[in-house]
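Report on the following structure.
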Amino acid sequence: MNAIAVSFENVFEKQPSVVGFAPGRVNLIGEHTDYNGGHVFPCAIQMGIACAAARRADGKLRFVSENFCSTGVVEYSLADLSLQDVWADYPASVIRAFAACGHPLECGADFYFSGDLPDGAGLSSSAALEVVTGTVLKELFSIPVMKQEIAMIGQLAENRFIGVNCGIMDQFASAMGKQGSAILLNAGTLAYAYAPLGDSALVIVNSMVKHSLAASAYNDRRRECEAACSNLGVSALCALTVDEFERRKHLISDPVCRKRAKHAVYENQRTLDGAAALQRGDLTAFGALMNASHASLRDDYEVSCAELDFLAETAQRIEGVYGSRMTGGGFGGCTVSLMERAAVEGFVSAIQTAYCERFGVTPEVYPITAADGAKGERVL
Ligand code: GLA
């Protein structure tokens with residue numbers, strides 16, 4: 001937290017009064033189920049975004065990010081937080097969302113951000129940016145909001161102001177993560193339970209393909225799921241069990257929407273089965289469910305790509321790996337693989353060599369542990 005305070009002071013020539021940190025996340029299973037009222041199983045990771053902030057006497061909001069140096073200072077005013085088509089639209093939209101939820105800021109503020117999450121890699125750099133902003137605002141303006149509400153305000157900012165219709169998973173994991181555990185979250189009711197990950201290793205592999213087209217494709221998938229819901233006469237796809245879906249799937253007129261719905265319903269069941277397998281220590285069963293999740297995202301939900309397929313399929317064949325799948329929204333980004341601890345070293349060199357031979361790019365590899373969620377504190 002100290003480094004971020006020093007950076008803030010160098011830029012704004014005063015000390016910050018609050019510092020905070022929010023992690024990214026990796027989802028172990030339960031992909032594209034959150035906005036279908038289903039279950040997800042993410043954990044927060046060590047990588048994330050730090051922020052330092054101080055109030056201003058006027059109504060200006062100024063944002064600087066070490067990760068977008070060339071953009072310099074981005075300035076808004078409390079009276080006009082409309083989009084400027086830059087990274088700072090995310091924190092600015094969180095401020096708008098706080099106001100929309102009954103927490104308007106009484107004055108402006110300066111913010112400095114710095115993060116180590118790769119951008120556009122499906123590890124929720126946007127959610128971490130939203131959640132760290134909310135966490136810092138809470139301290140800076142003594143706003144009475146719980147961590148869970150900060151997650152929901154972050155999602156609101158993204159849905160209403162940024163224009164991406166994301167679910168709650170990413171912000172929830174960033175705000176509510178717990179060291180050593182994944183979170184089994186019912187995204188329909190927000191009921192959740194922590195699930196210890198036990199003695200295994202998680203390794204993220206970055207395909208280095210940025211998911212730049214993901215926002216529009218993501219909103220398309222949501223529309224397809226909504227069409228399937230209206231054919232089936234249900235408010236959310238994951239309200240159906242696998243059996244109920246099989247009996248009623250003929251009601252979905254469009255074959256593409258039928259495939260999307262199949263993924264959501266079966267993936268929700270896989271997530272519940274996965275959490276149960278983990279609880280009884282059956283990592284082999286958990287891994288098989290991860291592999292099945294990848295196949296469904298590739299074939300039925302159609303959000304994978306050649307690079308992610310190659311990474312998942314290569315990983316699945318490496319000794320000591322329980323399972324591997326794409327993680328996050330898709331169309332690029334990362335895979336996550338669950339393996340024996342002793343297998344990590346061999347895995348890293350095997351996957352890097354294979355990917356480099358096939359695509360001519362060395363993928364970044366991040367061995368991770370499940371981490372705590374967002375934190376903020378007053379420093380002045
Ligand atoms: C993105 C969204 C999440 C979730 C995943 C897919 O990360 O932000 O809400 O829908 O895609 O599981």
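Since every read-out is calculated from the coordinates, none of them should be taken as a lab result. Values in this document were obtained by computation on a predicted structure and should not be read as measured data. Note: ideal-geometry Cβ built from the backbone for every residue, glycine included; neighbour counts use all protein chains shown.
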Separation of segment 360-380 and segment 165-183 by C-alpha centroid, Å? 13 Å
Given an 8 Å cut-off on Cα distances and at least 6 residues of separation, report the relative contact order of segment 2-196 as a percent. 29 percent
Averaged over every viewing direction, what's the projected area of the C-alpha convex hull for segment 1-154? Give it in nm², one decimal, please. 9.3 nm²
Tell me, what ³J(HN,Hα) does each residue in segment 326-331 have, in order and in whole Hz, if you take phi through Karplus 6.51 cos²θ - 1.76 cosθ + 1.60 with θ = phi - 60° and put x for Gly and Pro? 5, 9, x, x, x, 6
I'd like the GluC sites (Glu not before Pro) in segment 69-135 restricted to DSSP loop residues with at most 16 other Cβ atoms within 10 Å, sorted by number. GLU106
Residue with peak Gaussian network fluctuation, the chain [Cα springs, cutoff 10 Å], from CYS69, CYS257, CYS229: CYS69
When only DSSP loop residues count, what trypsin sites (Lys or Arg not before Pro) in segment 315-349 have their Cβ near at most 16 other Cβ atoms within 10 Å? ARG317
Quick one: angle between helix 306-316 and the longest Cα principal axis of the chain, in degrees between 0 and 90, rounded to 10, please. 70 degrees
Bins of 10 Å, beginning at zero and ending with the bin holding the largest distance: percent of Cα pairs per bin for the chain, please. 5, 24, 32, 24, 12, 2, 0
Over the chain, relative contact order from alpha-carbon pairs under 8 Å, at least 6 apart, %: 25 percent
Amide proton proximity set for SER65, modelled H, under 5 Å, gap of 5+: PHE113
Can you tell me the relative contact order of segment 201-368? Whole percent, Cα pairs under 8 Å, sequence separation 6 or more. 33 percent
Just how far, in whole angstrom, is segment 80-128 from segment 287-301 if you go by their alpha carbon centroids? 33 Å
Spelling it out for CYS334: with amide H atoms placed in the peptide plane at 1.01 Å from N, the residues 5 or more places away or on another chain with amide H under 5 Å from its amide H are SER207, THR327
Which of the lysines could be linked to LYS147 by a straight reach, that is with a Cα gap under 30 Å, when you skip same-chain ones fewer than 8 residues away? LYS14, LYS60, LYS138, LYS178, LYS210, LYS375
Residue of ASP34, ASP309, ASP220 that the Gaussian network model of the chain assigns the largest fluctuation, springs spanning Cα pairs under 10 Å: ASP220
Counting only other residues whose beta carbon sits under 14 Å from that of GLN46, what net charge do I get with K and R as +1, D and E as -1? +1
For the chain, built as a Gaussian network whose Cα springs stay under 10 Å, the top-fluctuating residue of THR284, THR335, THR189: THR189
